[in-house]
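Here's the structure we're looking at; comments come further down.
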Amino acid sequence: MFDFAPILRRGGHLAYGTTWTFDAGYDISDYFVLVTTQGEVIVYEGTNPSEASTFQLKGVWNVGAVPEGSRSHTHFGGELMLMSSLGVVPMSALVNGKVANEYDVASSKIQPVLEGVFSQYKRQFGWAMTTIYDQSFLLLKTPQRNTGEYVYYIMSTQTGAWATITNMPMSCVAVVDEKLFFGSPDGSVYEGFVGDTDHATIDGVSGAPIVARYLGGYLNFDKPGMNKKFTLCRPFFVSNGRPAVNLKIATQYSAKFPAVQARQEPSSNQALFGKDKWNQCQWTGGVDTYTYLAGVDGLGFYGALVMSFTGTAQTQFTSATLMYQPGGVL
């Protein structure tokens with residue numbers, strides 16, 4: 001039995017325990033990590049907890065307040081990610097002093113937003129983190145909002161970029177065979193991030209279009225002291241069917257996403273290899289590039305592309321060009 005009283009300087013009790021390794025494997029170099037409700041992170045190293053000579057304390061660090069529950073952590077490769085009031089904190093950055101000295105946390109780009117969510121909902125049930133390797137992102141699940149909304153945050157494991165997902169009523173989540181499953185408040189079990197429609201049944205008959213929303217960074221286009229009149233925008237997509245798009249330009253740091261209706265090119269008349277007949281069907285070329293030229297209006301010193309679009313699951317927004325007329329300083 002371990003007595004943690006002499007170690008825990010801030011009080012509280014143990015919230016959860018997990019392992020951490022530098023070499024992305026399960027071997028004798030793994031560390032035993034304990035996190036308390038007051039944000040103290042206790043790290044042990046060794047192979048046999050019953051022998052003091054082979055199991056010893058490596059140190060105690062403070063990660064800030066931790067949310068309710070025992071699932072606000074996940075492994076990504078050899079890294080252990082912890083959710084706290086400081087954000088999504090890599091364990092290696094915490095013990096190396098990079099969090100205190102350089103604020104080196106994975107969620108630094110969205111921390112102003114995350115701070116507000118954490119402050120309001122940290123004592124509510126529903127916090128969880130998991131890594132979905134099949135989709136190449138880390139999922140940070142937060143409790144249901146007081147407004148009834150479900151808003152979660154995902155970080156790309158390839159670029160570190162952040163985005164949000166909504167309208168997925170997750171009470172709990174689990175990854176099985178690289179697939180994400182979640183339970184909803186009404187007792188239903190869903191498989192997430194599969195297919196081209198939302199809330200589809202197992203037979204795939206029903207389902208609603210999946211709508212994506214994009215807000216670019218507000219730019220001054222190297223002319224910070226001059227007004228701009230925005231006129232044209234051309235977004236580019238890679239997809240296996242033409243997506244439906246609605247866009248506008250937001251100025252002066254105010255944005256509201258436009259509505260969009262589902263519309264995409266039918267693909268049922270495309271031939272399938274091993275099923276349709278040679279010389280009688282049109283063979284599909286897989287994904288293709290789609291673009292639009294849309295007139296926009298907007299006047300301001302700063303501008304950002306705001307867009308809503310829907311299409312197949314393979315639809316990717318890649319880039320956009322924007323035309324404007326420079327004005328004066330007034």
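Computed values, structure above
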read-out: CD proxy at 222 nm, helix term only [per DSSP H run n ≥ 4: -39500 (n - 2.57); per residue of the chain; nearest 500]; value: -1500 deg cm²/dmol
read-out: Cβ-based exposure ranking for Phe257, Phe230, in which fewest neighbours within 10 Å come first; value: Phe257, Phe230
read-out: Rounded tilt (10° steps) of 111-121 against the dominant C-alpha axis of the chain; value: 60
read-out: Descending principal axes extents, the range 136-198, alpha-carbon based, whole Å; value: 35, 29, 21
read-out: Rg to Rh, two decimals, where the chain supplies the alpha carbon set and Rh follows Kirkwood; value: 1.05
read-out: Which of Phe301, Phe237 has the fewest Cβ neighbours within 10 Å, and the rest in rising order; value: Phe301, Phe237
read-out: Mean Cα-pair separation over length for the range 14-194, i.e. relative contact order, pairs under 8 Å, 6 or more apart, %; value: 12
read-out: Rounded FRET efficiency, nearest 0.05, which uses the C-beta distance separating Ile202 from Glu149 and R0 of 30 Å; value: 0.70
read-out: Trypsin sites (Lys or Arg not before Pro) restricted to DSSP loop in the range 221-256 with at most 10 other C-beta within 10 Å; value: Lys256
read-out: 10 Å Cβ shell holding at most 11 others, DSSP loop, GluC sites (Glu not before Pro): longest site-free stretch of the chain; value: 179-330
read-out: Separation in nanometres of the label points that stand 7 Å from Cα toward Cβ, at Ser188 and Val176; value: 1.8
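Values in this text are rule-based calculations from the coordinates and carry no lab data. For clarity, every value in this text was computed on a predicted model and none was experimentally measured. Counting neighbours? That spans all protein chains shown, and the Cβs are built from the backbone with ideal geometry, glycine included.
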